1. Heavy atoms only, 1.4 Å probe, whole protein assembly: order S81, S101, S48 by accessible area, highest first.
2. Pop out the ³J(HN,Hα) list for region 66-79 in order, Karplus 6.51 cos²θ - 1.76 cosθ + 1.60 with θ = phi - 60°, rounded to Hz; leave Gly and Pro as x.
3. With all protein chains present and a 1.4 Å probe, how do I94, I70 order by accessible area, largest first?
4. If you count only protein heavy atoms and use a 1.4 Å probe, how large is the accessible surface of M45, to the nearest 10 Å²?
Amino acid sequence: MLFDMRNPTSATHAPRARRRARRGAVGTLYSPGGCGCALLMAPVMALSVGIALMLMGMAVLAVVALVVAIVLTVRELRRASDGSPARTGMIALIFALYLLSVPYLVFFAWFWFVD
């Protein structure tokens, strides 16, 4: 009972317990707030932005390689249709360009748009 109506001057235990609880909690609570969390996450965010920019740069290079492979394929087909023999070095280059660009573009599209 917090207050005794029969004896209004009686001391109760509740104010003393409240005082103890307040005194024990002062100075023990630590909260970094927004600034502390931002400082902790800054290196992680910088790394993730760097990785994202690297993946996008490699995707641009893969698109350029795919365009070059398509142009070389069309030129080689026109050359072959004129009756000239196929050049094995050019075919190997075209195959390598397709092999390097298409799987990366599939991975990039899956990574950015599906996952």
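The values are calculated or read from the model by the stated rules, or taken from the named source; none is laboratory data. Quick caveat, the model's predicted, so the values are computed rather than measured. These area figures cover heavy atoms from the full protein model, side chains too; ligands, DNA and RNA do not enter into them. Shrake-Rupley method; radii C 1.70, N 1.55, O 1.52, S 1.80 Å.
1. Values: S81 95, S101 0, S48 55 Å².
Descending accessible area places them as S81, S48, S101.
2. Taking θ as phi minus 60°, the curve returns 5, 5, 4, 5, 5, 4, 5, 5, 5, 5, 5, 5, 5, 5 Hz for region 66-79.
3. Values: I94 15, I70 80 Å².
Correct descending sequence by accessible area is I70, I94.
4. Accessible area of M45: about 100 Å².
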